[in-house]
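Read the structure below first, then the notes.
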Amino acid sequence: MGSDSNVPVSRRQLLAGIGGVGILGASAWVGTRDWSDTDESGLPVEVETIDARGSEPGTTRIPTSDTVMVIDLFATWCTPCIEQMEALTAVAGEYSDDGGVTFVSVTNERTGETLTREDIRQWWRRHDGNWTLGLDPDSDLMAALNAGGLPYIAVSDADGTITWRHSGVTTAETLRSNVETATGKR
């Protein structure tokens, strides 16, 4: 019994050691990975749009060629997303008559019993949204942009290439500057 009882312990120790090396290797990979680097191979993404102020029901392709696009990822429960709406509203107002710049805000929240489309529309009105509003319940757009949190903003040029991305709240000045760069007005 003495030698038989050591075999399972040794096997367990070996498996634990191998598992530990695997976890250590994965941790090292995560720690050294440049998460801002994406190949954007998942773009463009088609998202459902909803009937709300500035938005019509249907679908839209993100990014869209032939227009500079400001892509905002948000959630109604996200407090920093409210602050981000202030900068978006200010800059969107400057480009409202400019057909060369399109704004789109997309939430990955799932609608159903606890959150309805009407809840999203009310949040949208309350925070002065007035451009295309989309739903991405499977987070396809977040994954394609490699967005790790909310709010998240990206700007694409008229070729559909992402020229700038930002995780967290940004200022109207920074957003405006990156839109101008994408339009070539800078």
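Throughout, read-outs are computed from the coordinates displayed, never taken from laboratory work. Everything quoted here is computed from the prediction, not taken from an experiment. Neighbour counts are summed over all protein chains in view; Cβ atoms, including those assigned to glycine, are modelled from backbone coordinates with ideal geometry.
What whole number of Å gives the distance from the Cα centroid of the range 41-100 to the Cα centroid of the range 109-130? Rounded to whole Å, the Cα centres lie 14 Å apart.
The label-point distance for ASP66 and LYS185, in a model that sets each label 7 Å from Cα toward Cβ, rounds to 2.1 nm. Take every DSSP beta bridge whose two residues both sit in the range 51-155; close to 30 percent of them are antiparallel. Proximity of backbone amide H atoms, modeled 1.01 Å from N, is registered between TRP164 and VAL155 at under 5 Å, excluding neighbours fewer than 5 places apart on the same chain. Take the Cα of ALA143, step 7 Å toward its Cβ, do the same at THR59, and the gap between the two points is 1.6 nm.
For the modelled label position 7 Å from the Cα of ASP119 along Cα-to-Cβ, which residues of the range 48-89 have backbone nitrogen atoms closer than 15 Å? The answer is 75-79, whose backbone nitrogens lie closer than 15 Å to the label point. Working ranking of peptides 135-147, 48-60 by packing, defined as the average number of other Cβ atoms within 10 Å per residue, highest first, is 135-147, 48-60. Charged neighbours of ASP98, selected by a Cβ distance under 14 Å, balance to -2 (K, R count +1; D, E count -1). Taking amide H atoms as placed 1.01 Å from N in the peptide plane, the amide H of THR102 lies under 5 Å from those of VAL68, MET69, VAL70, each 5 or more residues away in sequence or on another chain.
Extension gain for THR76 to SER41 (0.36 nm times residue separation, less C-alpha to C-alpha distance): 9.8 nm. Couplings for the range 116-129, taken from phi via the Karplus curve 6.51 cos²θ - 1.76 cosθ + 1.60 with θ = phi - 60°, read 9, 4, 5, 4, 5, 4, 5, 4, 4, 5, 4, 10, 6, x Hz in order; Gly and Pro are left as x.
How would the range 45-183 be classified by its alpha-carbon gyration tensor: rounded, prolate or oblate, with rounded meaning a/c under 1.5 and the a/b versus b/c comparison settling the rest? Because its axes are fairly even, with a/c under 1.5, the range 45-183 counts as rounded.
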